[in-house]
Amino acid sequence: MEKTLSVITINKNSAENFKESRVPLFLISIGALAILLFVGLASYKLIENEVKGSLLKQLQLALPGTVKMFKIWEKDAASKAKAAALNKEVKKDLLVLLDVSRSSLGNSQKILSSKNLISLRDHLNKINLQYGFEGFVALDLNGFAFAASEDEAIGHKKLLERAGSKFFKLSLMGNSTFALPFKSEIPLQMESGELCQECPTMLTSSPVYDESGKVVAVLSFRLRPEAVFADIFEIGQTGKSGEVYAFNSKGILISKSRFPNELKKVGLLENRPEALSILNIGIKDPGGNLLEGFRSKKDSEELPFTRMATSALKGESGFDFKGYRDYRGVKVVGVWSWLSEFGFGVASEMNYDEAFSLVNKLEKWYWILFCALIFASAFSIILAEKRRRYRYQLVRSKEEAEKANRAKSEFLAKMSHELRTPMNAILGFTQFLMKDKKEPLTEFQSSSAEHILKAGNHLLELINEILDLSQIEAGKLKIKLEPVNLFLLTNEICDLMQPVGESKEVTVKNMISKDRSPFLYADNMRLKQVLVNLISNGIKYNRNGGEVVLSMEEIENKKIRIKLRDTGYGLSEEQKKIIFQPFERAGAEARKVDGVGIGLTITKYLVEMMEGNLSLESVVGKGSCFYVDIPIYEEVAV
Ligand code: ADP
């Protein structure tokens, strides 16, 4: 089995490969970002729709609940009014007063001086107290007030002008019904005791029948809208800004606003504790957020209705989740409905910021994360690109250096080969001259020839080593793996090295026994070269009377460890690190020991080519032990 060692293995990381690697990295990053953007946007949209859906349900739910409550209240108020109108004493006084009014042609003085008015007021005051009514007024078929709890309310038709005639007509038709909040010309006593002028008032009315069962008048009771009526709408409030409110056909608020303090602050409502938002706030779009300091230059009359009111006043129901300004100018989302049956509209709204706080937060974080991702990706692409360029330069420099090294090795290999031939001739002829017995050399000539021979041998050894190293570096050195008998090999080497050792007074001992000798899987010639070199070093760097001992042991991974222990100078930790580098002598020059410093470099290469390993242990002043680990020959494995 032949092998060659290639010192240069750059195919995988060649400079050309680096050029190509740029495009996929960039594309992968863009692709990953696009996928992230898409997935992020899709999930964001999904959540946004979910939130909108549940918000719609939440706001929508508030409306039917509120309307139901209102209907219950309205029925209750109407039945109370009916009960009062059917009360015998009340009816009796009313019919008498109606006669007085008719006979005096509506003379209020006559009515006011009637005992029946006093009696009627007595009865109805009790009923008012019981049912929570604020007062009463009785109208004849023409809408003329012929009886009332307050004197000023009697003798005119002002009530219908203010409250509208719808409730009146309905009552004449026999229905108990109500009138939406309106501003009453009759002052109303507040809880504080003050008289409230132009106070918001509501009416609940019932027809008054004569003895024949004919409707002859309408009895109306006064209610405070800010009490029970307004409370109905407060039930639908949700969150911090969810508001349900009612407005009349003129687009004016007829329930209480949830934000009286804000309205007072921005001047939409008088800054008095008793100031009511009912009938004082138009559902108009101020054109900007009043709470944020926006002030419209237009008169409140000129302002348009809000998006909600515009639609509802046309009799439409609807919703808007894109957001529109409410009567404070705050961006809200809302659902609304026009209740034609009752003649007013209801809206359920919530501040946009609150309604979409989750979605807004999500959107904010989505963009923050996305930007961070883009930033991180751009950063890593730049870093990767820089690294790629750096590696490209590195690989290029390495390639160039290796190319130059290969050229040098090839040159050296050729040169060494060329030098060996004349060197052999020089040595051969010198030996020939020295051995010529016919014409023996003079003493001086003989000593000169010996010098030539010694120097020549040294030079040849040097040339051989350089040739080996350059062949290895050029990737041209071949090895042939075969079964090698370790005993035979080491025995032969020891015989060869014995005389060399003797010349330095160093004993070379082979402790490897013939019987237990294993077969190694190695290149016979190159393993011999390895061991000769190590023994030769063991002799060279030894003291007089020292020894070099060869032994072996089996180690893991089916390998044999050949140990070469000497009793020489030993090596320090620092020296151990450098001795395998070419031309590194670790201070041996100072000891005047011959050498070039590439023997161990070649030795290590050769051992590794044979799938082995070279290592050493050494103690300065005591000696070194080199370990050559070589695979055992196994027939099956071959
Ligand atoms: P050379 O022997 O030609 O100098 P080598 O590559 O064989 O080159 O060895 C490198 C260096 O390692 C030597 O110069 C010497 O300093 C050190 N060295 C090698 N073998 C031994 C040894 N057995 N004992 C002590 N030092 C050694």
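Values in this text are rule-based calculations from the coordinates and carry no lab data. What you are looking at is a predicted structure, and each value in this text was computed from that prediction instead of being measured. Here Cβ is always computed from backbone atoms with ideal geometry, including for glycine, and neighbour counts include all displayed protein chains.
Averaging 1/r over each pair of different alpha-carbon atoms in region 67-184 and inverting the result gives 14.8 Å, the Kirkwood hydrodynamic radius.
Protection proxy ranking of 434-447, 401-414, by the mean of other Cβ atoms within 10 Å over each peptide's residues and highest first, is 401-414, 434-447.
Of the DSSP H helices in the chain, those that are both long (alpha-carbon extent of 27 Å or more along the helix axis) and hydrophobic (Kyte-Doolittle mean at least 0.0) are 22-86.
Here the contact order of region 130-286, divided by its residue count and restricted to Cα pairs under 8 Å and six or more residues apart, works out to 18 percent. Cα centroid separation, region 35-61 to region 514-572: 79 Å.
Compared with the rule-of-thumb size 2.2 N^0.38 Å for a compact globular protein, region 362-493 has a Cα radius of gyration ratio of 2.21. By the helix-only formula, in which each DSSP H run with n ≥ 4 contributes -39500 (n - 2.57) and the sum is divided by residues, the chain has a 222 nm mean residue ellipticity of -16500 deg cm²/dmol.
In this rough spin-label picture, where each label sits 7 Å from Cα along the Cβ direction, the E573-R396 distance is 4.1 nm. Binning all Cα-Cα separations of the chain at 20 Å, short to long from zero, yields these whole-percent fractions: 14, 24, 13, 8, 10, 13, 12, 5, 1, 0. Legend: calculated FRET efficiency, R272 to I374, from the Cβ-Cβ distance at R0 = 51 Å, rounded to 0.05, equals 0.35.
Taking the chain, the Cys residues with no second Cys beta-carbon under 4.7 angstrom are C371, C494, C625.
3J(HN,Hα) along region 286-296: x, x, x, 6, 5, 5, 9, x, 5, 10, 7 Hz, from the Karplus curve 6.51 cos²θ - 1.76 cosθ + 1.60 with θ = phi - 60°, whole Hz, x for Gly and Pro.
On alpha-carbon atoms, Rg over Rh for region 519-638 using Kirkwood Rh? Present the calculation step by step, with values, prior to reporting the outcome.
On the way: Rg = 14.6 Å, Rh = 14.8 Å.
Checking Rg against Rh, the ratio lands at 0.98.
Out of region 501-587, which GluC sites (Glu not before Pro) are coil in DSSP terms and have no more than 14 other C-beta atoms within 10 Å? Numbers along the way, then the final one.
Details: sites: E502, E505, E547, E553, E554, E556, E573, E574, E584; in loops: E505, E556, E584.
Taking region 501-587 and a limit of 14 other Cβ atoms within 10 Å, the loop GluC sites (Glu not before Pro) found are E505, E556.
Around the amide H of C196, modelled in the peptide plane, lie the amide H atoms of L188, Q189, M190, all under 5 Å away and 5 or more residues distant in sequence or on another chain. Taking amide H as placed 1.01 Å from N in the peptide plane, G135 has its amide H under 5 Å from the amide H of R222, each at least 5 places away in sequence or on another chain. For L195, project a label point 7 Å along Cα to C-beta. Then give me every residue of region 135-161 with its amide nitrogen under 15 Å of that point. What the label zone holds, given the 15 Å backbone N cut-off, is 149-154.
Taking Cα centre as origin and charging only the Cβ of basic (Lys, Arg, +1) and acidic (Asp, Glu, -1) residues, the dipole magnitude of the chain rounds to 1080 debye.
Computed from phi, the 3J(HN,Hα) profile of region 151-163 under the Karplus parametrisation 6.51, -1.76, 1.60 (θ = phi - 60°) reads 4, 5, 7, 8, x, 7, 10, 4, 4, 5, 4, 7, 8 Hz, with x in place of Gly and Pro.
Taken along the Cα-to-beta-carbon direction at a fixed 7 Å, the label points for S446 and E554 span 5.5 nm. Taking label positions 7 Å along the Cα-Cβ direction at both L453 and N424, the computed distance is 1.9 nm, reported to one decimal. What the pair-distance distribution of region 322-367 shows, using all Cα-Cα distances binned every 10 Å from zero, is 25, 37, 26, 9, 3 percent.
For E547, nonlocal amide neighbours, meaning residues 5 or more places apart or on other chains whose placed amide H falls under 5 Å from its own, are T507, T567.
Orientation-averaged projection of region 97-247 equals 10.3 nm² [convex hull of Cα atoms, one quarter of hull surface area].
One decimal place: the segment L112-Q58 gains 14.0 nm when fully extended, by the rule 0.36 nm per residue minus the C-alpha distance.
Relative contact order of region 312-417, please, whole-number percent, based on alpha carbon pairs below 8 angstrom and at least 6 residues apart.
Values: 76 pairs, mean separation 15.4, N = 106.
Averaging sequence separation for qualifying contacts and normalising by length gives 15 percent for region 312-417.
Each Cα pair under 8 Å and six or more residues apart adds its separation to the average, and for the chain the resulting relative contact order is 11 percent. Taking only alpha carbon atoms, region 191-322 gives an Rg to Rh ratio of 1.06, where Rh is the Kirkwood radius.
Legend: P(r) of region 333-415 from all alpha carbon pair distances, 5 Å bins from 0, whole percents, reading 3, 10, 8, 7, 7, 7, 6, 6, 5, 6, 5, 5, 4, 4, 3, 3, 3, 2, 2, 2, 1, 1, 1, 0. Along region 336-342 the Karplus relation, 6.51 cos²θ - 1.76 cosθ + 1.60 evaluated at θ = phi - 60°, assigns HN-Hα couplings of 8, 7, 9, 9, 5, 4, 9 Hz to successive residues, with x for each Gly and Pro. Rounded to two decimals, the Cα radius of gyration of region 445-535 over 2.2 N^0.38 Å is 1.35.
To the nearest 20 Debye, how big is the dipole of region 392-500 about its Cα centre, given +1 on the beta carbon of each Lys and Arg and -1 on that of each Asp and Glu?
Dipole size: approximately 380 debye.
For K75 and L36, what is the calculated FRET efficiency with R₀ set at 60 Å and r taken between the beta-carbons, to the nearest 0.05?
After rounding, the FRET efficiency stands at 0.50.
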